[in-house]
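The values are calculated or read from the model by the stated rules, or taken from the named source; none is laboratory data. In this text, all values refer to a predicted model and were calculated from it rather than measured experimentally. Note: ideal-geometry Cβ built from the backbone for every residue, glycine included; neighbour counts use all protein chains shown. In case anyone asks, the SASA skips ligands and DNA or RNA and just uses the protein heavy atoms, side chains included. Shrake-Rupley method; radii C 1.70, N 1.55, O 1.52, S 1.80 Å.
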Amino acid sequence: MRRGAVLLGGVLLGVTSLLATRDVAASSWGSSYGDPYGFCPLYSYLPATYTSVVTNDPSVPNNPERDTFWGIHADPGYDTWYGFWYGDYAGRPGDASGWVDMMTVPYGSVGHWNFGDYGWSVHGHVKQYVAYYNWTFGGSCGVGAYGSTDPPPYMADVYGWPVVDFYVDSVPPDPPAPVISGVTPASVTFSWAPVSDRGDGSGADYFAIGFDHFLSWITVNGGPAQQYAATPAPRTLTAAGLRAGDVACVHVLAYDRLGNGTGDQQACGSPLAPPAPPPPPPPPAVFINPWPAGLAGLDSWYWLSPRPRTLTYVRAVGATSYVISAAPQAVTWSFGDGRPVGYGVPAGYGYAYPAVSPVAHSYQGQSATGYPVSATITYALSWMAFAGSAWFGPYSMGTESVTTAAVAYPVRQAQPEIASFG
Amino acid sequence: MRALVLAMVLVAAACGGFGGAAALPARQDPVAAALAADDALRLALGRADASGLDGHFTGRALLLARLEVAQLAARGVRREEVLEGRRAVHTGGSEATPEVVLEIRAHQRWTGGGAGAAPPPFAATVRQWSAVLEWSGGRWLVRNAAELPPPQWWPVT
């Protein structure tokens, strides 16, 4: 202590000369609140000893002016310390305390004070003035120490931080809202939107330190954290390699620059399970011209009725809605006298007589009992799912074929006849 | 001549000169000098010992830093600060007197000084520290320094 005092004395000699040009007439330090009445910065080292404190703890444990209340005057043998606070220190923004008699400290002793001692806590901005009462040398910053009606001089603390601006933000950012942004039969993808920081206090004393980063990871079936990372912006996380029944969850927390964090915000999802295939579409009927019998060596025309079309089925399984589509893809005609012939669509549907049908065939020989004629329609199946708030898909689920009933088609041999002699 | 001085300084640094100072900042890197000065000030306030400031501060900044440390020493108070991260959020000034503003994230507390009171808990803090440097004696020294109140903070990109 003695060594420190000697050191301090030496330093003060230098600083006093250095700060000889300091602006003692300045009416405020730091924030926009002006100095309270009767505050006297003379003999202090303001503005060099002005400081600001930014923290996320409303009790401000790092208040530098908390163990600085010394009894430094042998005459009168004690010091009376006063404080003046502006701002949101007691639950009301824009408040002003007036000069508060904090304590009287005997010469050579030191007192302690912090906001919690008055049941106070800081939200947003608070400006603090700490001064010792001038009992013995009134008039330094105006008359008033000895019975005058003028404000008495509250002398700025010399060996501490007489003016401190506190900025407290104990409020985390807005909570992120993760969502399922993609899902397949083997994966679930999550993302979320940016969030804003929320500040503390209100009105002129509102203070927000600013958003800093997200902390995010995913879990599968409650297992260990995967893809754990801190990122300055939202990101996309995909749980891949999932099987039916697996549950993947994303966990997201948002932090501001003081480390205030939201709770763990989660979204969970499972990979999509393919729906059961729909029932086979009803087969159309086969029509042929000429009818009821064809002629060997001459084309017959074939068509299907009704014409096949894309069929749509809607199903709901739990909270997931499915749409299944069966789209005609190909038609394979079997004319009963050789290998089947494949057609694309819509050509493979043929056209009803008298239109010329692209599905045509001529037989080389007669058949009294009839050639068995049939067509097989192949449908491509696909499905989509509505989960969470979006549609996902389409995903293929293979093909499905429907064969018409066979039609016996007799074919006669054409007999040449002499119609007349010229 | 200046190049010769710089070369001598570099040799001295390579030989372990400058006591506990951090790596010698290059002429073109005042940010490194500001970081080293911040380290030195943190150490001085934590130990209430200003002996390590001379190699990093000069002029007004050195006197004010000594004053702050001396005030702490006189009251038996120390500022403990556990550094979490730093970054330069602004560089400017002139070539002769560059300015560096560091954003410093830390946990800090003030210990001692009370009547046997238990040390308070650490509190998270963010601060921006402005340092104006000058080239002196073959190194960058902080000539003026100030803790910026939030309304004067530089935006973080």
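Points to keep in mind about this one:
- Residue count for the stretch A:156-165, restricted to those that are assigned to a strand (DSSP E or B), more than 10 Å from every other protein chain (Cβ to nearest Cβ) and of a type outside the set (Val, Ile, Thr): 1
- Of all residues in the stretch A:28-38, those that are within 7 Å of chain B (Cβ to nearest Cβ) and open to solvent by less than 40 Å² (accessible area, probe 1.4 Å) total 1.
- Filtering the stretch B:82-110 to residues that are open to solvent by less than 20 Å² (accessible area, probe 1.4 Å), of a type in the set (Val, Ile, Thr) and in contact with a Pro (Cβ under 7 Å, 6 or more places away or on another chain) leaves only B:VAL100.
- Single match in B:TRP154, B:TRP129, B:TRP140 (criterion: more than 10 Å from chain A (Cβ to nearest Cβ), in a loop (DSSP other than H, G, I, E, B) and in contact (Cβ under 8 Å) with a residue 40 or more places away in the chain): B:TRP154
- Condition met for A:PRO41 (modelled with pLDDT of 85 or more, more than 9 Å from chain B (Cβ to nearest Cβ) and open to solvent by 20 Å² or more (accessible area, probe 1.4 Å)): no
- Residue match in the stretch A:125-146 (condition: of a type in the set (A, V, I, L, M), modelled with pLDDT under 90 and either open to solvent by 30 Å² or more (accessible area, probe 1.4 Å) or not in a loop (DSSP other than H, G, I, E, B) (or both)): yes
- Residue that is farthest from A:TYR118 (Cα to Cα), among those in the stretch A:34-58 that are in a loop (DSSP other than H, G, I, E, B) and touching a Ser or Thr at 6+ places or on another chain (Cβ under 6 Å): A:LEU42
- Top-ranked residue in the stretch B:27-52 [being within 11 Å of chain A (Cβ to nearest Cβ) and surrounded by 18 or more Cβ atoms within 10 Å (Cβ to Cβ); ranked as nearest to A:THR49 (Cα to Cα)]: B:LEU45
- Filtered residues of the stretch B:111-126 (kept if in a loop (DSSP other than H, G, I, E, B) and open to solvent by less than 20 Å² (accessible area, probe 1.4 Å)): B:GLY113, B:PRO120
- Here the condition is being open to solvent by 40 Å² or more (accessible area, probe 1.4 Å) and not hydroxyl-bearing (Ser, Thr, Tyr); of A:GLY370, A:GLY388, A:GLY365, A:GLY350, it holds for A:GLY388 alone.
- Residue within the stretch B:53-64 that is closer than 30 Å to A:TRP70 by Cβ, open to solvent by 50 Å² or more (accessible area, probe 1.4 Å) and outside any strand (DSSP E or B) present: yes
- Among the candidates A:ALA385, A:ALA419, A:ALA368, residue that is in a strand (DSSP E or B), farther than 24 Å from A:VAL286 by Cα and aliphatic (A, V, I, L, M): A:ALA385
For every residue, the table says whether it meets (1) in a loop (DSSP other than H, G, I, E, B); (2) touching a residue at least 60 places away in the same chain (Cβ under 8 Å); (3) at negative phi.
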| site | (1), (2), (3) |
| --- | --- |
| A:GLY245 | yes, no, no |
| A:LEU253 | no, yes, yes |
| A:GLY259 | yes, yes, no |
| A:GLY263 | yes, yes, yes |
| A:GLN266 | no, yes, yes |
| A:PRO271 | yes, yes, yes |
| A:PRO280 | yes, yes, yes |
| A:PRO283 | yes, yes, yes |
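- Residue in the stretch B:111-123 that is touching a helix residue (DSSP H, G or I) at 6+ places or on another chain (Cβ under 8 Å) and at the interface with chain A (Cβ under 10 Å from one of its Cβ atoms) present: yes
- Residue in the stretch B:95-109 that is within 14 Å of another protein chain (Cβ to nearest Cβ) and within 29 Å of A:PRO106 (Cα to Cα) present: yes
- All positions within the stretch A:44-63 that are open to solvent by 30 Å² or more (accessible area, probe 1.4 Å) and touching a Gly at 6+ places or on another chain (Cβ under 7 Å): A:TYR50, A:ASN56, A:SER59
- Hits in the stretch A:49-86 (condition: charged (D, E, K, R) and either more than 7 Å from chain B (Cβ to nearest Cβ) or within 12 Å of A:SER109 (Cβ to Cβ) (or both)): A:GLU65, A:ASP67, A:ASP75, A:ASP79
- Criterion (within 14 Å of chain B (Cβ to nearest Cβ) and open to solvent by less than 30 Å² (accessible area, probe 1.4 Å)) met by exactly one of A:LEU253, A:LEU242, A:LEU272, A:LEU258: A:LEU258
- Flag if A:VAL158 is surrounded by fewer than 20 Cβ atoms within 10 Å (Cβ to Cβ), modelled with pLDDT under 90 and not small (Gly, Ala, Ser): yes
- Taking the listed residues A:ASP67, A:ASP95, A:ASP117, A:ASP79, the one that is crowded, with 20+ Cβ neighbours inside 10 Å and under 29 Å from A:ARG257 (Cα atoms) is A:ASP67, with no other qualifying.
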